[in-house]
1. Filter segment 115-135 for residues that are open to solvent by 10 Å² or more (accessible area, probe 1.4 Å) and within 18 Å of the chain's Cα centre (by Cα); which is farthest from LYS183 (Cα to Cα)?
2. Which residue out of GLY311, GLY342 is modelled with pLDDT of 70 or more and open to solvent by 60 Å² or more (accessible area, probe 1.4 Å)?
3. Looking at (1) open to solvent by 80 Å² or more (accessible area, probe 1.4 Å); (2) modelled with pLDDT of 95 or more, which one does GLU269 not meet, given that it meets all the others?
4. Are there helices (runs of 4 or more DSSP H) fully within segment 113-218 with at least 1 residues that are closer than 30 Å to THR344 by Cβ and of a type outside the set (Lys, Arg)? List them.
5. Which condition number in (1) modelled with pLDDT under 95; (2) part of a strand (DSSP E or B); (3) among the hydroxyl-bearing types (Ser, Thr, Tyr) is the one that THR15 fails?
6. Just the residues that are crowded, with 18+ Cβ neighbours inside 10 Å, closer than 24 Å to GLN42 by Cα and of a type outside the set (A, V, I, L, M, F, W, C), please, taken from segment 80-106.
7. Report yes if ASP165 is of a type in the set (D, E, K, R), surrounded by 14 or more Cβ atoms within 10 Å (Cβ to Cβ), under 30 Å from ILE77 (Cβ atoms) and in contact with an Asp or Glu (Cβ under 6 Å, 6 or more places away or on another chain), otherwise no.
8. Mind listing just one residue for me: the one in segment 114-146 that is of a type in the set (D, E, K, R) and at pLDDT 95 or above and, of those, nearest to CYS323 (Cα to Cα)?
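The values are calculated or read from the model by the stated rules, or taken from the named source; none is laboratory data. What you see is a predicted model, and the numbers here were worked out from it, not measured in a lab. Neighbour counts run over all protein chains shown; Cβ positions are idealised from the backbone, glycine included. Just the protein is used for accessible areas: all its heavy atoms, side chains included, with ligands, DNA and RNA removed. Shrake-Rupley method; radii C 1.70, N 1.55, O 1.52, S 1.80 Å.
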Amino acid sequence: MTTNFFNPVTTQTWTNGRHQVRCVKVIQETQDVRTFCFMAEQPVLFFFKPGQFVTLELEIDNQPIMRSYTISSSPSIPYSFSITVKQVPGGKVSNWLHANLKVGDELVVHGPVGNFNSIDFPAEKVLFLSGGVGITPLMSMTRWLFDTNAAVDVEFIHSARAPRDVIYHRELVHMFSRIPEFKLHIICESKEDIGEAWAGYRGYLTQPLFELIVPDFMEREIFCCGPTPYMNAIKNILRANNFNMDHYHEESFGATPVEVREDVLELAEQAEVDAENVDVSDLHSIEFASSGKSVRIQPGETVHAAAAKLGLHIPKACGMGICGTCRVELKSGEVEMEHNGGITEEDVEEGYILSCCSRPKGDLVVDF
């Protein structure tokens, strides 16, 4: 690689969208967790907010699959970015990545996006809470604070099954040994013989242990990521202490919540009833400029649904306005967009929408 690669005149800055990247390193973090590091073929400064995520565009068994992963690296090292993936039993994507993705392979990513980040919620005292592989966004935040010599008081509590399952253990110990304001607490959940010497906390993060480790937690900005039961337990402790939940932030990846699925089914049933009573004059015309196709849809249907009726495949991963994969440019018309952090204010100002959660207010022209 020549020094011309890093020429600031030719180096571009990463923006939310679709990007081709190449895997440049694979790190075995634990027995079932690997970190995959990526760079662009042409020099790109990968600027993002610590805690944000990307969505991988993959093809597995001849089927297109999208999957979102938090960026675990820090934007303070901008010429590459990393994701850390746990191999989940039965997990189609995680098992494929562990078995197939190697140095030199290229793939497409979408992003970066996400409201869960430390930049938008600055504080002098923070508390990071993570369980298992949920450590990844908080590691990105910690690396950023460490690299930028931020004047922030950090308490980091991480829960793992056993010492051997603590992701980034040596790096965490190194960082937290160098800055007095950074304090690390690791809890190993197994109460029985874990087969390793361990003098730290054991069991689960209960309220008594919570108060022992961080007695001033009520004064801190809290960032939490982990399995849903873990995050629910944390929220129960905080609410029982009348913590101001405006200062609590969590990563919301995972399966679609039951209540959301139920709402979708109810709305679908209502849509069938409404379809029988719809007036043709109420239909909205949706034109997809690049493909030269158009369709008329009922009020309340999404732009993504309109594309599907025409056989147009707009990439989509979450369907809830989180991942940002389904972003398209709106050439004319207005929509009502109810997203969950999958698009930036800058993108909206430039005319982009998320097709999965955008409902036309009238006729539209979309660039797709």
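1. The qualifying residue farthest from LYS183 (Cα to Cα) is ASN115.
2. On the way: GLY342 fails: open to solvent by 60 Å² or more (accessible area, probe 1.4 Å).
The unique qualifying residue is GLY311.
3. The failed condition is (2).
4. On the way: elements: 135-147, 169-178, 207-213.
Fully inside segment 113-218 and qualifying: 135-147, 169-178.
5. Going through the list (1) modelled with pLDDT under 95; (2) part of a strand (DSSP E or B); (3) among the hydroxyl-bearing types (Ser, Thr, Tyr), THR15 breaks only (2).
6. Within segment 80-106, SER82, THR84 qualify.
7. Values: of a type in the set (D, E, K, R): yes; surrounded by 14 or more Cβ atoms within 10 Å (Cβ to Cβ): yes; under 30 Å from ILE77 (Cβ atoms): yes; in contact with an Asp or Glu (Cβ under 6 Å, 6 or more places away or on another chain): no.
No, not satisfied.
8. The first filter runs over segment 114-146 and keeps only residues of a type in the set (D, E, K, R), leaving 120, 124-125, 143.
From what is left, the residues that are at pLDDT 95 or above are 124-125, 143.
On the way: GLU124: 29, LYS125: 29, ARG143: 23 Å.
Looking at the filtered set, the residue picked out is ARG143.
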